[in-house]
Structure formats: C-alpha cells, structure tokens
1. Would you mind computing, in nm to one decimal, how far apart the modelled labels at T39 and L103 are, each placed 7 Å from Cα along Cα→Cβ?
2. Once amide H atoms are built 1.01 Å from N in the peptide plane, which residues 5 or more positions from V40, or in another chain, come under 5 Å H to H?
3. Output wanted: per-residue J couplings in Hz (rounded whole) for segment 45-61, from phi through Karplus 6.51 cos²θ - 1.76 cosθ + 1.60, θ = phi - 60°, x for Gly and Pro.
4. Taking every DSSP beta bridge with both residues inside segment 30-159, roughly what % is antiparallel (nearest 5)?
5. Could you go through segment 137-152 in sequence order and give the Karplus-derived ³J(HN,Hα) for each residue, using 6.51 cos²θ - 1.76 cosθ + 1.60 with θ = phi - 60°, rounded to whole Hz, and x for Gly and Pro?
6. Among the lysines, which have Cα under 29 Å from the Cα of K25 when same-chain residues fewer than 8 positions away are ignored?
7. Say a paramagnetic label sat at a point 7 Å from the Cα of A119, along Cα to Cβ; which residues of segment 22-44 have their backbone N under 14 Å from it?
8. How high is the FRET efficiency from S92 to S149, r the C-beta distance, R0 41 Å, rounded to 0.05?
Amino acid sequence: MAYASLVVSGNRSLASDANQLERPKPAPGWDLKDIDGQTVHSSDFAGKVVVLDFWATWCPPCRAEIPGFIELQRKYQAQGLAVIGVSVDQASAGTVKEFAEKLMINYPVVLGDTKTVDAYGGIAGLPTTFVIDRNGRMVKQHLGFTERSEIESEIKPLLKP
C-alpha cells in the first residue's frame, strides 16, 4: 500500500476548495482491521454521526488534531457521535497501536487501505476528515488541520434527535 502522493498541509488556504462538498453524498462503506486485528465495518456505526479522520502517526497536523477528537468523542459519544481514525501509516499495526495508546485515543483506530482511500475520492493530504450524518451521508470534508470548535459546530446540529 503506497501513500507517497499524500501531501501534508497545515495551511488552511491551500485546502479551502477541498473543504466543501457540493452537496451531501453517500459515504462509501468499508471493512478494515483495527489496531487489535479485529474487523470493523462502517455499518457498525449506522445511525450515528461519524467523524472519519484519515491520518498518520508521522503527520504533525494529524497529531495536533487528535486531542480535539478525543474530547469530542468523550463529550458526545452518548449522544450518538462516533469518531473513527483511519491510519494510512505504512508502519505496522503495532506501531500505530503503541501511538494510539500513548495518546490515550478513546475512539476506534482502523488501518486504512488503498481501496478505502480511493473510495473517498483519494486523499489529497493529511489529515483529511469527513463528517457523516446519521443517514450515512458525507456532509462536510476538511483537508488539513481543523480546529475542534469547527468540527463541534458541524456535528452539534446533526446530533439533535
């Protein structure tokens, strides 16, 4: 699996065009192994608001976003939020697991593959984050570091019953 074409950018202006979806569209399904080797299915999160974050351990903006995702998961999990980290590292699952444990990530971390990356339109840079509504539609996309408050303002209306 090669991700050499990924460009890491913390510069929001470079990513502004990629941050908008013209209109909501169905999120592609996926079946990926988590850092413990168990298969996780996108369907496991049906009916939830999902923050799907494509990231890597070596990516500084990715690492900077993780504490915000941990806080969002803690704060909104009971209201139906599921944050999912999709690692596109070429490192071993053990390396990703060690990283996740060190940061005390409290949400599922799965190991991405080329098929999943391609299904989401190819990932132009890291991090790339999708907000998916309870109906399984991608409603927002973010390329590059995104403040927790911005993601929070997008998910709060989606979490209302």
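Bear in mind that the values in this text are calculations on the coordinates, not laboratory data. Because the structure is a prediction, the values reported are computed rather than measured. Cβ: placed from backbone, ideal geometry, glycine included. Neighbour counts: every protein chain shown.
1. The answer from the label model is 2.7 nm.
2. It is L32, K33, D34, by chain and number.
3. Whole-Hz 3J(HN,Hα) from phi for segment 45-61: 10, 4, x, 9, 7, 10, 10, 9, 10, 8, 8, 8, 5, 8, 9, x, x.
4. Working: 14 of 24 bridges.
Beta bridges within segment 30-159, antiparallel portion: roughly 60 percent.
5. Ordered by residue, 3J(HN,Hα) equals 9, 6, 10, 9, 9, 10, 10, x, 4, 10, 5, 4, 4, 5, 4, 4 Hz.
6. K33, K48, K75, K115, K140, K156, K160
7. 26-34, 39-44
8. Numbers: r = 34 Å, r/R0 = 0.83.
The calculated FRET efficiency here is 0.75.
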